[in-house]
Amino acid sequence: MVKHQPLQVYEKQVFVSFVTGIYGCRWKRYQRSQDDSSRWECTWFIILCSSFLLLLFWAYFWLVAQNDFNEFNWSVYNRSGEWRDETIPILASTTVGFSYITFLLTLALFHISLGQQLNLFWVHKIGVLATLLTTISGVVSVDDIWGDEWDILLVSLQSTAPFLHIGALVTVTAFSWLVAGYVVRRERSNFQVLVLLIYVIILLAVCLAPLTFTCPCIMDRHSLRPRPDIIGRRGAPMLAPENTMVSFNRALQQGASSLEADVTISVDGVPFLMRDRTLRRTTDVNKVFPARQSDEAALFNWTEIRSLNAGQWFLESDPYWTVETLTARDRSRIGNQTVCSLVEMLRLASRANSSALLNVRKPPPEHPRSRSWFMDTLWAVRKAGISPKRVRTVTWTPDTDRGRVRGLQQTTTEKLSLEEIRQRGITSMTLHYSKASHRDIQEYLANNVSVTVYPVNEPWLYSLLWCSGVPSVSSDAPQVLRKVPYPIWLMSQYAYGFIWISSDLVSIAIVIGIFCFQKWRMSGMQTYNPEQIMLSAMVRRSSRDVNIMKEKLIFSELNNGLGSSEELSLYPENGYARYSHGDLSH
């Protein structure tokens, strides 16, 4: 009687168990498979990749949109009537979702690299779908509320494109390991050729992408213009309530060379500073005049306006998370602020020897000063004692009213041609950064038209405009920009060309090397024979492919029958298999 005692002993695969366990809840070895993934699971992998790409785009958008967080909250306020920092929940959910999807995608790529079958756990499928749908709804909502902000993506690429190119090149190069492992398989198919073709096209596109870049900071250092002047937009609204005397003083302390304010005319003809059409957000009008809190600010007289508190809201809502940094004296001073008149602000600018940029809002037709608002503004300038040459006005009115503000420098927020600028007698332009291209800025400056760009709150945007030659920027954060003594990065055309070509060549060389190594590795596996397998076991090689082939060899011998006098034994203490002669019993 022949005694057969086949035993299976597996090496512990802790990392594989970790990967398959978290991704597909397959913690046991018998639950795993190295067969090809089903079409259903491949579909979920595509959904996972799509979610990652969408979240990557979404996260990048909010990263560069930090420059305009104040504008976003203001847009939400105009719709809802309540002031809240809506960016906090968006940033928190984006961070969690992006981290979760990135982790799952990393596990999926490890599955592919290790030859394991994809099998996403049903809980993760729900999580991926929830994250994807939440992100899509966020994109749709932002497009509805803040659609103009998408322009910042193209603007930011002028600063980040060289670095994104390097990151994309590293990513595509790393993916060559997976692509090569799939393409060089022994079995050939049209799909393998398609995968290889797509990969080569993507690699070439990434390598040649810098040909499409327009980066103002790729320039000769000697061509760099002087540092742009900083205009305190509504003062320093991150440090003190906007359009108040404390805010303007803070802006001057933080190095602002000019002050910008929003001007509204009261019913008795007094120009005062107010951004909103109503007084609800920045005053206590709901306590003093509760029945009129929704009325337009221009419909109050100056005595009523002056009786309102314009600082307590800042301490209570803490819109920029800066109240904790204030001293007790600063809080007391801010808490007692009143609405600022135009005369007060211009007098401060005159004493500081700075200039002023005024955004003047024309009163509604039913307003008593609807036809004399320009004379009220001019009267305030004269009363303040500041030179009219140091005051620029941006009138939110048709061009028929623009010429009525005589004696003041006039600017426009419209992007006009040089011919229109000459016809209207405009000497300067105040443009949103999304409308101020590098070419336009150079053209305006060459024709002696001064350009001010707004809003500029982040160092990367300030550096970009500095390289573009902009003479001045309007900022809500002068305290941030004063810490930028030089552009964040500046590189000559020759230096960038060298980095670009070198990185492309290194990437292509690595990709070719990976494909050659994978080809050599697969050809070596295809020529294994039983003696080589036994030898590799004796020298303690732990290659996953060799272990798989040993198992296949052992069970193929069991199925075919070993000989009446042979017995297969596996010795757990040695960790390898061998053949031995068994005892015969009659």
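The values are calculated or read from the model by the stated rules, or taken from the named source; none is laboratory data. Nothing here was measured: the structure is a model prediction, and the numbers come from that model. Every residue, glycine as well, gets a Cβ built from its backbone with ideal geometry; the counts of neighbours run over all protein chains shown. Each accessible area value is taken on the protein alone, full model and side chains, heavy atoms only, with ligands, DNA and RNA left out. Shrake-Rupley method; radii C 1.70, N 1.55, O 1.52, S 1.80 Å.
Points worth noting:
- Accessible surface of the range 45-162, 1.4 Å probe, proportion on carbon and sulfur as whole %: 70
- Cα gyration tensor, the range 60-122 - rounded (a/c under 1.5), prolate or oblate: prolate
- Report note on the peptides 238-249, 349-360: ranked by the mean count of other C-beta atoms within 10 Å, highest first, their order is 238-249, 349-360.
- Residues Thr282, Thr160, sorted by accessible area with the largest first, give Thr160, Thr282 [1.4 Å probe; ligands and nucleic acids excluded].
- As a fraction of the 1.4 Å probe accessible area of the range 348-489, surface on carbon and sulfur atoms comes out at 50 percent.
- Local net charge near Asn353, Cβ-Cβ under 15 Å (Lys/Arg +1, Asp/Glu -1): +3
- Ranked from largest to smallest solvent-accessible area, with a 1.4 Å probe on the protein heavy atoms, Trp150, Trp27 come out as Trp27, Trp150.
- Accessible-area order (highest first, 1.4 angstrom probe) of the listed residues Arg422, Arg329: Arg329, Arg422
- Label point distance in nm, Arg221-Leu91, each placed 7 Å from Cα along Cα→Cβ: 3.4
- Estimated at the nearest 10 Å², the accessible area of Ser93 is 70 Å² with a 1.4 Å probe.
- In the context of the full protein assembly, Leu107 retains an accessible surface of approximately 10 Å², using a probe radius of 1.4 Å and ignoring ligands and nucleic acids.
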